[in-house]
Structure formats: C-alpha cells, structure tokens
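Taking it in order: structure first as structure tokens, then the write-up.
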C-alpha cells in the first residue's frame with residue numbers, strides 16, 4: 001500500500017500550473033500592447049499638433065510676404081550681394097559678389113512666431129504649442145528681361161512645437177519647408 | 001490487486017488545482033475586461049484624432065473667410081455634426097475663432113539705406129554690410145488702408161470629444177488642436 005502511494009503520479013497540478021503560466025503570458029502581452037497602443041495614439045496626436053504649429057508659422061510668413069513683397073525681394077537681392085535698388089542684372093551670376101548680407105532676410109522673418117504674436121485667446125495655454133519661422137533664404141533668382149521682372153525662389157523653414165500634458169512625453173518638434181516664388185517689377 | 005495499479009488524481013490535487021485556477025483566472029478575467037475597454041478607448045481616441053485633423057484642415061485651407069469668421073469668439077459646431085458615430089462610438093466637436101485686428105499686426109520690415117544705384121557696378125552692392133538701417137514697423141492696417149477692417153489672421157482652437165457606447169462625454173476623453181490661419185488676398 002505504501003509502495004503504491006509513492007508511485008502515484010498526478011497530472012492535475014502540472015497541467016494547471018502550465019495553463020496558468022500560459023494565461024499570465026497572454027495577460028502580460030495584452031497589457032503591454034495596450035500601453036503601446038496608448039503611447040502610439042499620444043504620439044500621433046503630438047505629431048498632429050506640432051505639424052499644425054509649423055503650418056501656422058508658414059501661414060504667418062505667407063501673410064507677411066503678401067503684404068511686403070517689395071521688401072522681401074529687396075532683402076533677397078541684398079542677401080545675394082546685389083544692390084536692392086538695381087536688382088539682379090540679366091546674365092549675372094547668382095551670388096557672384098560673394099559679399100551678400102542676409103541680415104535683411106533675418107529681420108524679415110524675425111517676428112513670424114508666437115513670441116512676437118502670442119495666441120489671441122487668453123484661455124489658450126502658450127506652453128501647449130508655439131511656432132516660429134527659423135530660416136528664410138533665396139535659392140534662385142533671375143531677371144526676366146522681356147517682362148523687366150525680378151523672379152526669386154525662396155525657401156521658408158518653420159518649426160512647430162507641441163507639448164501634451166499627458167503621457168509624460170517630451171516636447172514634439174516638427175520642421176516644415178515651403179518654397180515660394182516672389183516677383184518684383186524692375 | 002487493482003489498488004496498486006491506480007495512477008491519477010487525488011482529491012487533494014483536484015482541490016488544490018481548482019484553488020489555483022480560481023486565484024489566477026478570476027483576476028485574469030478582470031484584466032481582460034480592462035484591456036478590452038482600454039482597446040476600445042484607444043480606438044475611439046485614434047478616430048477622434050483623425051476627425052480632428054480632417055476638421056482642422058478644412059478650417060485652415062478650405063472654408064471661406066466669411067464662413068470661418070461668422071460667430072468668431074464663440075464656440076461653433078464642427079462640420080461632422082453632433083454625436084457623429086463611428087464604430088458605435090460618438091464624437092462631437094466645436095471650434096472657436098479668434099481674429100487679429102489689422103492695427104495690432106505690426107510687422108518689422110527691413111529698411112535699406114538709400115544710395116545712388118549707379119555706384120554699384122553691374123548691380124553688385126558696393127557696401128553690402130552697411131546697406132541697412134534699423135528695421136521699420138508697419139501695421140497691416142497701413143498696408144491695406146482701403147480694407148483695414150478685413151481680417152487677415154486668426155487663431156483657431158478645435159476641441160473634439162468622444163464617448164464609448166456605454167459612457168458619457170467628459171473632460172478626459174477630449175483633445176484640442178490649435179492653429180493660426182492667414183487669409184491671403186490677391187490685392
């Protein structure tokens with residue numbers, strides 16, 4: 001009798017323990033994927049807000065360019081080293097002078113941001129989102145002698161920043177570049 | 001004679017197994033319920049973000065100036081309507097527009113020192129470093145005196161809320177998007 005008892009090898013406990021381990025692995029995977037999915041959602045939202053911030057900066061710059069096209073062209077011409085009162089003479093090399101002054105272009109985009117023009121609604125927390133135009137440069141310029149017109153292609157670089165007060169995420173930054181064509185009658 | 005051949009489960013083992021299963025399975029069921037609800041919430045939040053993006057794109061680039069500015073300063077219903085339903089979840093949204101006045105939009109513009117342009121050979125600036133004066137400031141109202149009261153820049157705040165079929169709208173299940181729109185006139 002004693003010998004028989006010693007030989008009994010039950011399967012219930014090993015089976016249950018194996019099952020329990022499997023269930024726990026499954027549950028851990030569920031929790032992990034839920035956390036990942038939540039983080040992914042927050043990340044998407046963060047990107048969305050930062051992207052709209054950068055678009056807002058571009059919008060402000062476009063408004064300024066449409067209001068002050070003459071000054072923008074003059075600043076672009078000077079940045080290449082040419083006289084703003086003469087423009088680029090047809091046949092000239094781009095940046096031939098080598099003594100361009102980009103200061104006027106910097107002054108031009110210096111106030112297209114939320115620091116100079118904060119959010120209009122006082123209820124909007126300024127730390128939620130901010131934007132700024134970070135660069136504005138001429139990438140090509142020529143004079144069309146037939147139409148006596150100066151044509152400049154310029155590049156606007158904008159940075160949008162968004163901060164979410166959820167998920168312990170750092171500030172998200174998105175950069176956006178837009179190329180515009182400016183014209184000025186010579 | 002048959003006694004010594006019995007191999008299998010004792011009553012104690014069965015009771016122990018049932019107890020272990022009970023202790024483990026019950027919390028696991030709770031966890032499953034929790035993750036299931038969480039997944040639905042995540043799904044709804046993702047849909048809300050997509051709807052918010054669609055709506056903000058419409059407000060930024062599609063809707064006309066007059067339509068956007070009508071009711072400026074107060075909350076307006078979004079274009080999807082109240083309780084817009086996706087996968088059984090309900091979504092609602094509102095936007096508020098805050099227009100800038102043209103007199104407060106004072107921009108800095110570069111000022112160039114006047115000199116005889118004929119002194120610049122082949123158009124190359126003779127004194128590029130010294131060609132600038134201190135920047136001037138000019139408001140949009142001065143640039144466009146005939147249409148000074150026409151709004152040219154506005155902030156937009158969009159708030160989207162959502163709820164699961166079993167829940168209610170609350171302050172947690174909501175997201176906010178901000179943007180600034182310029183109205184570029186061909187003048």
- request: For residue B:41, work out the one condition from (1) touching a residue at least 24 places away in the same chain (Cβ under 8 Å); (2) touching a strand residue (DSSP E or B) at 6+ places or on another chain (Cβ under 7 Å) it doesn't fulfil.
  value: (2)
query: Could you say which residue among A:2, A:18 is at pLDDT below 85 and either touching a strand residue (DSSP E or B) at 6+ places or on another chain (Cβ under 6 Å) or more than 7 Å from chain B (Cβ to nearest Cβ) (or both)?
result: A:2
field: Residue within segment B:90-98 that is surrounded by 12 or more Cβ atoms within 10 Å (Cβ to Cβ), within 9 Å of chain A (Cβ to nearest Cβ) and out of contact with any strand residue (DSSP E or B) (no Cβ under 6 Å at 6 or more places or on another chain) present
entry: no
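Only one residue in A:41, A:51 is closer than 23 Å to residue B:159 by Cα, part of a helix (DSSP H, G or I) and modelled with pLDDT of 90 or more. Which one?
A:51
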task: Among residues belonging to segment A:27-47 that are touching a residue at least 60 places away in the same chain (Cβ under 8 Å) and within 7 Å of another protein chain (Cβ to nearest Cβ), point out the one that is farthest from residue B:40 (Cα to Cα).
output: A:45
- prompt: In segment B:143-182, what count of residues is obtained for those that are surrounded by fewer than 18 Cβ atoms within 10 Å (Cβ to Cβ), at pLDDT 90 or above and at the interface with chain A (Cβ under 10 Å from one of its Cβ atoms)?
  reply: 2
message: Anything in segment A:151-171 that is under 29 Å from residue A:102 (Cα atoms) and either in contact (Cβ under 8 Å) with a residue 60 or more places away in the chain or out of contact with any strand residue (DSSP E or B) (no Cβ under 7 Å at 6 or more places or on another chain) (or both)? List them, or say none.
response: A:152, A:154, A:156, A:158, A:159, A:160, A:161
query: Of the numbered conditions (1) modelled with pLDDT under 90; (2) more than 7 Å from chain A (Cβ to nearest Cβ), residue B:124 satisfies every one except a single condition; which is it?
result: (2)
message: Can you say whether residue A:60 is within 7 Å of chain B (Cβ to nearest Cβ) and under 23 Å from residue A:161 (Cα atoms), as far as the supplied structure shows?
response: yes
- request: Would you mind stating whether residue B:69 is within 30 Å of residue B:144 (Cβ to Cβ) and surrounded by 12 or more Cβ atoms within 10 Å (Cβ to Cβ)?
  value: yes
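The values are calculated or read from the model by the stated rules, or taken from the named source; none is laboratory data. Computed from a predicted model, the values in this text were never measured in an experiment. When we count neighbours, we look across all protein chains shown, and the Cβ atoms used for this are built from the backbone with ideal geometry, even at glycine.
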